[in-house]
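Following: one structure in structure tokens, then a few remarks.
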Amino acid sequence: MNNNSYSNSYKEAGVDVTAGYKAVELMKQYVGRTVTKGVIDGIGGFGGLFELDMTGINKPVLVSGTDGVGTKIKIAFLLDKHDTVGIDCVAMCVNDIICCGAKPQFFLDYIACGRNIPEKIASIVSGVAEGCVQAGCALVGGETAEHPGLMPEEEYDLAGFSVGVVDKDKILDPTTQKAGDVMIAIKSSGVHSNGFSLVRKVFDVNEENLAKHYDELGTTLGEALLTPTRIYVKAIMSLLDAVKVKSISHITGGGFYENIPRSLPKGISAQIKRSDVQVLPIFDLIAKTGNIPERDMFNTFNMGVGMTVVVDKADADAAIAAIKAAGEDAYVLGELVDSDMGVIIC
């Protein structure tokens, strides 16, 4: 801690720089868990230094992704539980990066808060660190900004940024997809980090409602909603080693109808039987409580499918086996057909 850096005037304006120093000291134990061999320096400098391992990579291409947690963070406020939203933040970034076949290398976070409460900031960063460990990437830096007057003292927002690398010759080529190829679903853990503005409206979210236990969920509503987003890095890396993957889609905001077509070539659509979608109970509860049409559900939420991957039909069994061996659950979701409709749920 820098004992010489202190400003009474700044503190009177709402910014306590010493709280920032304490937060950094508290978070160092979590950041240390994420150190990989590419990390050159620890936190505290002006930039995070990272040396890329180019072993087996002939034409390195950097792939970047940035995202936040969205209004799911409101659930964390109401439950006063802040050690999981960091996992969501990492997941939203790295799950995008792997869609082209890249492996995440490092991550940085940005926390804006009404007041810097060191223990709360450290708790948030503990989640970020856990997410980085799950993704196999290093937390090389970040920023905590105290914004008095811009947001309530007890609130904060969280965003992140990650960089991955892939050999140019191994970037996934969606144009190789054809009718008859199989689309595989990798299961989600729940709502993940999208659609929470609608979720909060449906349940009129408050502390009392979040504490309600639902038998169909096996938990309280709050516990179900705050369940962290799955991080699929290790499963996808294992899958890429096992079979030829033609495309990957991260099912985020916009659900099936927006995200799946992003990885399909012109003239090819994904045909999915509604009965084959293993919808999680939380989505049935959302639809029932909010009287939400099924089309809107599939156009807003992941419905139990966190990612989809497309492989040749002959590789489907091996692909599912590789995903399951890496700790995720997967099943055949549908197949590709000649059509310009994008997604056909029948």
Reported set for the stretch 96-149 where residues are open to solvent by less than 20 Å² (accessible area, probe 1.4 Å) and in a loop (DSSP other than H, G, I, E, B) is GLY101, ALA102, GLY114, ASN116, CYS137
Notebook entry, point to check: If we scan the stretch 292-310, do we find a residue that is out of contact with any Lys or Arg (no Cβ under 6 Å at 6 or more places or on another chain), within 20 Å of ASP338 (Cα to Cα) and either of a type in the set (Phe, Trp, Tyr) or open to solvent by 60 Å² or more (accessible area, probe 1.4 Å) (or both)?
Noted result: no
The one condition VAL69 fails out of (1) under 30 Å from GLU223 (Cα atoms); (2) touching a Lys or Arg at 6+ places or on another chain (Cβ under 9 Å) is (2)
In the stretch 164-177, anything in contact with a strand residue (DSSP E or B) (Cβ under 7 Å, 6 or more places away or on another chain) and either of a type in the set (Lys, Arg) or buried (at least 23 other Cβ atoms within 10 Å of the Cβ) (or both) is listed as GLY164, LYS168
When every residue in the stretch 316-346 that is over 27 Å from the mean Cα position of the chain (by Cα) and at pLDDT 95 or above is compared, the one most open to solvent (accessible area, probe 1.4 Å) is ASP338
Within the stretch 284-327, residues being part of a loop (DSSP other than H, G, I, E, B) and closer than 26 Å to LYS178 by Cα number 5
Somewhere in the stretch 233-242, is a residue in the same structural domain as ALA314 (by the TED database), open to solvent by 10 Å² or more (accessible area, probe 1.4 Å), part of a loop (DSSP other than H, G, I, E, B) and not polar (S, T, N, Q)?
no
Conditions (1) surrounded by 14 or more Cβ atoms within 10 Å (Cβ to Cβ); (2) in a loop (DSSP other than H, G, I, E, B); (3) in the same structural domain as GLY86 (by the TED database) -> SER189 fails only (3)
Counted residues in the stretch 23-80 being modelled with pLDDT of 95 or more and in contact with a Gly (Cβ under 6 Å, 6 or more places away or on another chain) come to 2
When you scan the stretch 192-211, do you find a residue that is in a strand (DSSP E or B) and either touching a helix residue (DSSP H, G or I) at 6+ places or on another chain (Cβ under 8 Å) or under 25 Å from ALA102 (Cα atoms) (or both), even just one?
no
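The values are calculated or read from the model by the stated rules, or taken from the named source; none is laboratory data. Keep in mind the model is a prediction, meaning the values are calculated, not measured. So basically every Cβ, Gly included, is an ideal-geometry build from the backbone, and we count neighbours across all protein chains shown. The accessibility values were calculated without ligands, DNA or RNA, using every heavy atom of the protein model including side chains. Shrake-Rupley method; radii C 1.70, N 1.55, O 1.52, S 1.80 Å.
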